[in-house]
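The values are calculated or read from the model by the stated rules, or taken from the named source; none is laboratory data. All figures in this text were calculated on a predicted structure; none of them were measured in a lab. Cβ placement follows ideal geometry from the backbone for every residue including glycine, while neighbour counts extend to all protein chains displayed.
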Amino acid sequence: MDFDHSPKVLELRARVEAFMAEHIYPNEARLLAEIATGDRWQAPALMEQLKRRARTAGLWNLFLPTSGHGAGLTNLEYAPLCEVMGRSAFAPEAFNCAAPDTGNMEVLERYGTDAQKRQWLTPLLNAEIRSAFAMTEPDVASSDATNIATSIRRDGADYVINGRKWWTSGANDPRCRILIVMGKTDPQNPDRHRQQSMILVPLPHPGVTVKRALPVFGYDDAPHGHAEVVFDNVRVPADNMLLGEGRGFEIAQGRLGPGRIHHCMRLIGLAERALERMCRRAQTRVAFGRAIADQTVTQERIAESRIMIEQARLLTLKAADMMDKRGNKAALAEIAMIKVAAPNMACRVIDWAIQAFGGAGVTEDYGLAHAYATARYLRLADGPDEVHRNQIARLELRRYQGPESLTGGSAGVVPSDPAPGPRRQPVWIA
């Protein structure tokens, strides 16, 4: 792959960086203060102003690779822009590039009918509404998505939904007007991956109760947050079904691939900012007669942070490049690898930054505590580390199934001659 970004991408990155410097960083404290005043679950007026400025500046819906509504960027081209946005918790929304709206827009773009696109995709692209994705459930181990038990039952011209979801990010937001809900339409299907479907549920809607917000290490992330949602005989038209019954896992794979790599792109930006803060702090604080930056342990942590960030960035770019050239399915292993590597990297870098700040690092004054909560949460979101590691291992083992290939056997052992006929080549799974 070519590691040089095109002039178009470099120009866009410069514009995003300039917007961040002029409008995002200086307003972070104001946004936090506005959220803390009055009803925390109302959208800050300042954020709406930032959105208008970003749209006027042409920095809008940059994530969409194929739609005519964005900049027409590939995943590889979007990566450096998304990384810059990841430096601030507020930036992705300002550019209309925030999860879960990005993933939901991609679902509607790929799998929605023309009517569904008109009703929900267009207002999402215009940031007139927000959305949520209801998949995880509290009563089952949702790391195995075949466990999901929410019922979606056909009843005449409608579907009736019953179940309980949580970690439905964004459902608390008063601007949230549409849920994408995953549940079972055919629980007896012998193919466990054909039992589930996805359906659109408008908000507010009879029978849908947003029960509570779920804080992450004490942070409620208002006005967006993560919600527990109850569905009690929720009736929606059959036309709200996405793609068709039994296609839920197909949609999930199409949605979660880009969503996972976007998280990783943003985490690299988050880690970069933590490293920047660590370096500045270490150079200005003196302990035992020496700057903290002169302490060997600090220098080792700074060096290791730079190494890990660069490794994560390169793997993210490789995964993005494979997604662009060969499709999300072919990049399955690379997406899984970076989904493990990036959150773990960010957790380590941010933790070291906290240590450099001492007691100040665990306060809300420098953003490191919230950054750590975000990175740690993303070791679970969109599949926990363990599931991704298992998938990586299965794909790796599959390469060595059958007779010994040209890679040979154990160290020091000469493999026996192959059977007559064409020699078996290693099987490489992308």
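Can you pull out every residue in the range 332-357 that is touching a residue at least 40 places away in the same chain (Cβ under 8 Å) and either on the phi > 0 side of the Ramachandran plot or over 16 Å from the mean Cα position of the chain (by Cα) (or both)?
333, 348, 349, 350, 352, 353, 355, 356, 357
Listed here are the residues, each with its yes/no results for (1) of a type in the set (Phe, Trp, Tyr); (2) outside the structural domain of residue 315 (by TED's automatic domain parsing); (3) in a strand (DSSP E or B).
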{"residue": "179", "(1), (2), (3)": "no, yes, yes"}
{"residue": "193", "(1), (2), (3)": "no, yes, no"}
{"residue": "212", "(1), (2), (3)": "no, yes, yes"}
{"residue": "256", "(1), (2), (3)": "no, no, no"}
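For the list (1) part of a loop (DSSP other than H, G, I, E, B); (2) out of contact with any Leu (no Cβ under 9 Å at 6 or more places or on another chain); (3) within 26 Å of residue 226 (Cα to Cα), I need the number of the one condition that residue 329 fails.
Residue 329 satisfies all of (1) part of a loop (DSSP other than H, G, I, E, B); (2) out of contact with any Leu (no Cβ under 9 Å at 6 or more places or on another chain); (3) within 26 Å of residue 226 (Cα to Cα) except (3).
Can you confirm whether the range 227-239 contains a residue that is in contact (Cβ under 8 Å) with a residue 40 or more places away in the chain, among the aromatic types (Phe, Trp, Tyr) and surrounded by fewer than 18 Cβ atoms within 10 Å (Cβ to Cβ)?
Within the range 227-239, none of the residues are in contact (Cβ under 8 Å) with a residue 40 or more places away in the chain, among the aromatic types (Phe, Trp, Tyr) and surrounded by fewer than 18 Cβ atoms within 10 Å (Cβ to Cβ).
Just name the residue that is farthest from the chain's Cα centre (by Cα) out of those in the range 109-156 that are assigned to a helix (DSSP H, G or I) and touching a residue at least 60 places away in the same chain (Cβ under 8 Å).
By that ranking, first place goes to 115.
So if I check each of 360, 369, 341, which one is under 19 Å from residue 265 (Cβ atoms) and either modelled with pLDDT of 95 or more or surrounded by fewer than 18 Cβ atoms within 10 Å (Cβ to Cβ) (or both)?
One residue alone meets the criteria, 341.
I'd like the full set of residues that are among the polar types (S, T, N, Q), surrounded by fewer than 19 Cβ atoms within 10 Å (Cβ to Cβ) and outside any loop (DSSP other than H, G, I, E, B), limited to the range 16-67.
49, 56, listed by residue number.
Can you name the number of the only condition in (1) surrounded by fewer than 18 Cβ atoms within 10 Å (Cβ to Cβ); (2) under 25 Å from the mean Cα position of the chain (by Cα); (3) charged (D, E, K, R) that residue 272 fails?
(1)
To keep it simple, each residue is scored yes or no on (1) in contact with a helix residue (DSSP H, G or I) (Cβ under 8 Å, 6 or more places away or on another chain); (2) assigned to a loop (DSSP other than H, G, I, E, B); (3) modelled with pLDDT under 90.
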{"residue": "352", "(1), (2), (3)": "yes, no, no"}
{"residue": "397", "(1), (2), (3)": "no, no, no"}
{"residue": "408", "(1), (2), (3)": "no, yes, yes"}
{"residue": "423", "(1), (2), (3)": "no, yes, yes"}
